[in-house]
Each structure stands twice: as structure tokens, then as C-alpha cells.
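Q: One structure is given below, represented as C-alpha cells, and several questions about it will come after.
The values are calculated or read from the model by the stated rules, or taken from the named source; none is laboratory data. Owing to the predicted nature of the structure, the values given are computational and were not obtained by experimental measurement. Here the Cβ positions follow ideal geometry from the backbone for every residue, glycine too, while neighbour counts run over all protein chains shown.
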Amino acid sequence: MKEFKELEDMSIFKTDSWRVLRIISEFVEGFETMTKLGPSVSIFGSARLPPTSPYYEMAVTVAQHISQKGFAIITGGGPGIMEAANKGTQAVKGKSCGLCIDLPNESEPNPYIDLKYNLSFRYFFVRKVMFIRYAQGYVFLPGGVGTLDELFEAVTLIQTNKVHPFPIYLMGSSFWAGLIDWIKNTLLKEGTISEEDLNLIQITDDPAVVANGIERHYQRDRTQRNF
């Protein structure tokens, strides 16, 4: 990927054909790195929340609980909730992965990412494939548009049978309450989703519930696949 970065200022390398090569290079590097992680969980949340936020500590704690179950932790590699999750993972000697991208609020990777699992992406869609391809569960803490994007994409992929189902947890119940009310009172009421779709999301503030639920789903799923 370094070669592409050095040449990208040349006009020939800004054509669609050359962009395809860069996209392929990002997929190849991502796949080669992520396959070494083993069972993983992706944690999402705002880059803007400071360490003084109670959600920051919640992210540290849930990452620790999940890591102690033997799962690697994947984040977007930025500050805020992502930093907290990577920090919690390293604190218990877990595998800490960051899928970084150059954004206004995420220009530098946080310092709690394992060097061998520190990846940098130009393209959002390549990065999003890495989040979902290698995860046995998704955990969402309070965040903004990017966090909501990842949440609804995950629900859509499971709803439409495009990926094998996995647990999706929302933490910070008071933060998500208004969204869940809108989903129930507007989307469900108007018939744009089904009752079963609501079951794809679980809400809790208990990190042990999240870690135990993901582990239970992973073990059950692995047993079923072995038959």
C-alpha cells in the first residue's frame, strides 16, 4: 500500500482503473492481517467522547470482559470510545486491533492498538468489510452518524440473510432509548419492519451480559457448524 500512497498525487493514478488496484491492495492487506486475529468482536462508538465520559469507562470494561473470553477486539482505531475499547483490551493482554481511516476527528490511531493489528484504510467500504467479516459479535456504545451507519448496516445484512447472524448489543440504554422508541412506534407501526427484526438488537448496560452472550452464541454456532 505504501507504493500507492507515494504515487497517488500523479494524475494517472487517480483514474478509476488504478483505484481498483488500490482497493484490491487494501482488501489483501486487511484479509492477510485479520485472519490472524482469531475469534473477534467489533466495538463501535463516538470518537468525540472524552475519557471523563461514563461511556468511555463502560467501553473499557466491556472490552476487558469480552477479551477475557478469548476474543480479539476490533475498533475503528480512533479516539473516544474506540480508544477506550482498545485500552481495555490491552489491559488484560488481549488482541487489540484498529481499523484506522483518515477523518477529521480520527487523524491518528490511538496508542492502545497492537502494532501488528494496526491497519489504515482509504476506503470506507473496504474497512466495513473487515469489521463484519471477522466479528462474532457487534457492540455499540453511544456514537454519531458513523456508529448508526454501522449499526443499521449490520441489522440489514442479518435481516436480508447476507451474513450469518451474530449478536448485536447496544450499551448505554438511556442514550439509545429514543431511537428504539422511534423504531417501535414508527417503523414497526407503519409496517416497514417486522416484529422479528426487533429481536436482532439487544440492549444492556451490563458488560458481563454482553461477554457471556457473545461467548454463548459463538460456542453454540461452532457446535452447530460441526454437525
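Q: Of all the residues that make up segment 164-196, how many are in contact with an Asp or Glu (Cβ under 9 Å, 6 or more places away or on another chain) and aromatic (Phe, Trp, Tyr)?
A: 1
Q: Do you know which of the residues in segment 16-57 that are under 14 Å from the mean Cα position of the chain (by Cα) and small (Gly, Ala, Ser) is nearest to Gly80 (Cα to Cα)?
A: My answer is Ala47.
Q: Residue by residue through segment 102-125, note down the ones that are touching a helix residue (DSSP H, G or I) at 6+ places or on another chain (Cβ under 7 Å) and buried (at least 21 other Cβ atoms within 10 Å of the Cβ).
A: Asn110, Tyr112, Ile113, Tyr117, Leu119, Phe121
Q: On to the next question. Please go through segment 11-55 and give me each residue that is in contact with a Phe, Trp or Tyr (Cβ under 9 Å, 6 or more places away or on another chain), of a type in the set (Val, Ile, Thr) and within 30 Å of Pro207 (Cα to Cα), ordered by number.
A: The answer is Thr33, Thr35, Val41, Ile43.
Q: Please work out if Glu83 is surrounded by fewer than 24 Cβ atoms within 10 Å (Cβ to Cβ) and over 19 Å from Gln136 (Cα atoms).
A: Against the criterion (surrounded by fewer than 24 Cβ atoms within 10 Å (Cβ to Cβ) and over 19 Å from Gln136 (Cα atoms)), Glu83 does not qualify.
Q: Can I ask one more? Taking the residues in segment 69-119 that are outside any strand (DSSP E or B) and of a type in the set (Ser, Thr, Tyr) as candidates, determine which candidate is farthest from the chain's Cα centre (by Cα).
A: Per the criteria, the residue is Ser107.
Q: Further question: Quickly run through segment 144-192 and pick out the residues that are of a type in the set (Lys, Arg) and either touching a Leu at 6+ places or on another chain (Cβ under 6 Å) or in a helix (DSSP H, G or I) (or both). If you could, list the steps in order and put the result at the bottom.
A: Pass one, segment 144-192, residues of a type in the set (Lys, Arg): 162, 184, 189.
Passing the criteria: Lys184, Lys189.
Q: I'd like to know if segment 179-187 contains one or more residues that are loosely packed, with under 11 Cβ neighbours inside 10 Å and modelled with pLDDT under 95.
A: Scanning segment 179-187 turns up no residue that is loosely packed, with under 11 Cβ neighbours inside 10 Å and modelled with pLDDT under 95.
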